Amino acid sequence: MLGLEYFSFAELWSPLFLAVMLLLTAGYFVWIGPIAGRYADSLPVPFWRRALFVCGMLALYLAQGGPISLLGHMMFSFHMVSMALSYLVAVPLIMLGIPDFIWRRILKVNPLRRLSFLAHPVVAALLFNGLFSLYHIPVIHDYVMLHFTVHRIYYIVLFLTSALMWWTLINPLPEHRMASGLGKIGFIFLNMVLLTPACGLIIFADHPLYATYSDPETWARAMGYCISGDPSVLLQNFGGPAFFEVMSPKVDQQVGGIAMKFIQEFIFASMLAYVFYHWYKKENGQDDDELSTPSSTLQESNLNRA
C-alpha cells in the first residue's frame, strides 16, 4: 500500500525511536506514580490526563517514527500531515497530560526562568509560525531535508516553540497565565493568520516547489536518512519519487498545503469555541476560570486552605 511493502520493518517503524518514546512514557508514569508522593502539592492524576499524554506520545511517534514519517519523505502531502500531527496534535496532548505539580517543578529550572519572555503570547506565536513558514521556503526546506543533523535540530526547535505557543492556551497554572479569555481569542486568530501565507504559497504555486519530492537524485539523498544501505539503490529500483506518487507533484503539494491549513483551522476553531464559551460564562458570572480542570481546581482549593 502506497509502496510501503518495499521497505523493511525497521524502516517503517523505527525501533530505536519507538524505544525512546516508550522509555519517556514509562518515566512519565513513574513520575506521576511512585515519585509523586515526594511532592506535597501532588494529587492523583486522573485517567483522562494519562490518556491524553499517551495519545500525544503515540501521535508523535507515528508522525516522526512510524510509516507517516517514511511517507513524508515520498509525498509532500504526508509530510504536512506529519507536521500537523507533531506540532498541532501531539504537543498540546502531551502538555495537557502533564499534571500541575510537574509543571511547577519544570518551571523552577533556572534556565527556563531566564527564558520566560519567549512564552509571551506574541513572541511565542511569531517564533513558531515564523520558523514553520521559514522551513517551507523551498531552498531552506530542501537543505534541511538533505542534512540530517540540521533536520533533527530544526524539528526539536519547532517542537519547543510549538510548546511555547500552546502554553498560552492550555497553561493550567493560574500564577503563570499571561492572557485572559479575550486575549486568548485574539491569540488564536493571530496564529490562524500567521500560518496562512506559507500555506497559501504552497497551495497556489503553479509548479512543484521542492526538489525533495520532484528531483530523483535529491529525493534519493533525503530518503537515505530513512532507509539502511546505499540510497542510490532506490534510483535503480524505483527511478524516483514518481514511483510512489498517487497524484502529480503539483497536486500532491496542493493537497499538503490544504491538509495543513484545514487541520490547523479545525483545531484552533475548536479551541476558539471552547475559550469563547468559558469566557462568556465568566463574563456573566457563571465561571471563575475558563481553563480550570478538576485537578487544578482541587489543588488550588487545597493550597488556599493551607
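Of note:
- Farthest positive-ward along the range 93-166 dipole, Cα basis, beta-carbon charges - from Pro121, Val139, Leu158: Pro121
- Burial order of peptide ranges 254-267, 195-208, 35-48, 74-87 (average beta-carbon count within 10 Å, highest first): 74-87, 254-267, 195-208, 35-48
- Peptides ranked, highest mean first, by Cβ atoms within 10 Å: ranges 92-100, 215-223, 174-182: 92-100, 215-223, 174-182
- Based on DSSP H segments of at least four residues, each scored -39500 (n - 2.57), the chain has a per-residue ellipticity at 222 nm of -21000 deg cm²/dmol.
- Taking 0.36 nm per residue of separation and subtracting the current Cα-Cα distance, fully stretching the chain between Ile156 and Ala26 would add 44.7 nm.
- Since only Val246, Pro15, Gly285 are under comparison, the one whose Cα sits farthest along the positive direction of the charge dipole of the chain, derived from C-beta charges on Lys, Arg, Asp and Glu, is Gly285.
- For the chain, the relative contact order comes to 22 percent (Cα pairs under 8 Å, sequence separation of at least 6).
- All lysines inside 18 Å of Lys281 as judged from Cα atoms, apart from same-chain residues fewer than 8 positions distant: Lys184
- The chain - charge dipole about Cα centre, Lys and Arg +1 at Cβ, Asp and Glu -1, debye rounded to 20: 1020 debye
- Straight-line cross-link partners of Lys250 among the lysines, defined as a Cα under 22 Å from its Cα and at least 8 positions apart when in the same chain: Lys261.
- In the chain, a dipole from Cβ-located charges (positive for Lys and Arg, negative for Asp and Glu) runs towards its positive end, and of Ile227, Leu112, Tyr39 it is Tyr39 whose Cα lies farthest in that direction.
- Taken as entire DSSP H runs, the helices of the chain that both span 15 Å or more between Cα atoms along their own long axis and average -1.0 or more on the Kyte-Doolittle scale are 15-32, 47-64, 121-135, 148-170, 181-194, 249-283.
- Taken along the Cα-to-beta-carbon direction at a fixed 7 Å, the label points for Arg113 and Glu217 span 5.5 nm.
- The range 11-62 and the range 160-221 have Cα centres lying 25 Å from one another.
- Scoring 108-119, 131-142 by mean Cβ neighbours within 10 Å over their residues and listing the highest first yields 131-142, 108-119.
- One chain, two ends: Arg38 and Leu235. Fully extended at 0.36 nm per residue, the span grows by 65.2 nm beyond their Cα-Cα distance.
- Calculated SAXS-style log₁₀ I(q)/I(0) at q = 0.11, 0.16 Å⁻¹ - the chain, Debye, Cα scatterers: -0.74, -1.35
Read-outs throughout are calculated quantities, based only on the coordinates presented, and are distinct from any laboratory measurement. Not measured: the values here are computed from a predicted model. Reconstructed Cβ throughout: ideal geometry from the backbone, glycine too, with neighbour counts over all protein chains shown.
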